[in-house]
1. For the stretch 72-101, give me each residue that is more than 20 Å from Thr46 (Cα to Cα) and in a helix (DSSP H, G or I).
2. With surrounded by 16 or more Cβ atoms within 10 Å (Cβ to Cβ), at pLDDT 65 or above and part of a helix (DSSP H, G or I) as the only criterion, which of Ser105, Ser124 stands out?
Amino acid sequence: MFKLLENVAYADLPDPYLRYDQITNNFVLLQPLVTPEITVPAGDYTDGASRPEFVDVFVKRYDRHFVPCIVHDYMYRHAIVLPGYEHDPKAGADALFEVNLYRCSKLYGYPAEKIPAMVAGVKSFGRGAYGSKCYYSLECDA
């Protein structure tokens with residue numbers, strides 16, 4: 001099986017060009033966000049690190065881990081399948097989240113000790129959000 005962590009290239013993650021939407025409390029991408037593994041299209045959105053408010057003392061909604069959150073939100077919403085994760089696309093999204101967090105640690109000084117708990121959180125509690133495209137999308141009829 002393809003394992004992302006074994007093949008990490010510590011390429012810079014781009015700075016996202018965003019607009020804050022006051023109605024939805026989300027950030028909307030104004031330009032595509034191109035990472036080594038995936039491109040998140042302009043118009044996609046994120047709320048940052050989705051987590052319970054009491055976790056804010058440990059993980060802020062917006063910090064140097066923002067790009068991994070954008071990519072992870074996009075992959076969850078659209079059920080993006082990475083090569084080697086066809087049997088469990090959610091696991092691929094979670095693995096890429098971990099890779100991108102380690103990139104942020106190495107390149108931008110994000111605290112590496114926070115990463116295992118963040119990855120455990122998405123693995124354990126992200127199942128309900130996986131594939132929920134209509135949270136906020138102009139494409140939805142709901």
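The values are calculated or read from the model by the stated rules, or taken from the named source; none is laboratory data. Here the structure is a predicted model, which means the values were calculated and not measured. No Cβ is skipped: glycine too gets one built from the backbone with ideal geometry, and neighbour counts run over all protein chains shown.
1. none
2. Only one candidate qualifies: Ser105.
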